[in-house]
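Structure first, commentary second.
The values are calculated or read from the model by the stated rules, or taken from the named source; none is laboratory data. Only a predicted model underlies this, so the values are computations on that prediction, with no experimental measurement involved. Note: ideal-geometry Cβ built from the backbone for every residue, glycine included; neighbour counts use all protein chains shown. Accessible surface is based on the protein model in full, side chains and every heavy atom, while ligands, DNA and RNA are left aside. Shrake-Rupley method; radii C 1.70, N 1.55, O 1.52, S 1.80 Å.
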Amino acid sequence: AALLGSSLSGHARAAWDEYSLAILSDWLHLVAASIWIGGLCVIAFAVARSLGETDRSTANASLSATIKRFTSIVLPATILIAITGLYNTWIHVESLTALVETTYGLVLLFKVAISGVMIVLGGINAFVLQPRLAAEARAGEGRFLASVRTEILLAMIVLLLAAILAFLPPAREHKPISAGQAPSVQEAI
């Protein structure tokens, strides 16, 4: 619910008159990204710390099970991020030319590229390192946690780029918001 404030006051609000799903799409994008990044932080710090107090095979089995559960949650979240990201790009970027010739478009492309690297790392974690942990490979835990921490670092860069985008004018002009047209929270959802 706290993320809705950003959607009700940012670029999505400016586009709401023309694109009725703008606020909902922006909010879903933020929720899905929060699930992904928040889950990574829990795994890297809370789960890793608690596993340090158990023997190696128990820790590997527990971490492997956690990765499986997290993957089942983060995979749909990642798909939602991609779908809402494409829709949000369509709303805020007028053309492919605007995507490569405006500051907004270039920052967005950089954000997408780093997110792509995060997806690759996530795939390696879920489909390469997790099976090694399940098989109790000795170095698997350390490699996995290092990969997750790298993913978190990249996520921080993505969040920084998202903050920059919030202060840049979109690459598409939207109609000015007229007084009395601001959506209520119930209308936006």
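Conditions (1) open to solvent by 30 Å² or more (accessible area, probe 1.4 Å); (2) under 19 Å from the mean Cα position of the chain (by Cα), marked per residue:
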site	(1), (2)
Glu18	yes, no
Ser25	no, yes
Leu63	no, no
Thr97	yes, no
Thr103	yes, no
Met118	no, yes
Within the stretch 71-95, track down each residue that is open to solvent by less than 70 Å² (accessible area, probe 1.4 Å) and either of a type in the set (Gly, Ala, Ser) or in contact (Cβ under 8 Å) with a residue 60 or more places away in the chain (or both). Ala77, Ala82, Gly85, Tyr87, Asn88, Ile91, His92, Val93, Ser95
Run Ala134 past the list (1) modelled with pLDDT under 85; (2) open to solvent by less than 50 Å² (accessible area, probe 1.4 Å) and report the number of the one that doesn't hold. (2)
For the stretch 167-178, state whether one or more residues are open to solvent by 60 Å² or more (accessible area, probe 1.4 Å), at pLDDT 80 or above and part of a helix (DSSP H, G or I). yes
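Condition check ((1) open to solvent by 20 Å² or more (accessible area, probe 1.4 Å); (2) touching a helix residue (DSSP H, G or I) at 6+ places or on another chain (Cβ under 9 Å); (3) modelled with pLDDT under 90) across all residues:
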site	(1), (2), (3)
Leu28	yes, yes, no
Leu40	no, yes, no
Ala46	yes, no, yes
Lys68	yes, yes, yes
Here is a check on your reading of the model: is Leu160 of a type in the set (A, V, I, L, M) and closer than 29 Å to Ala15 by Cα? yes
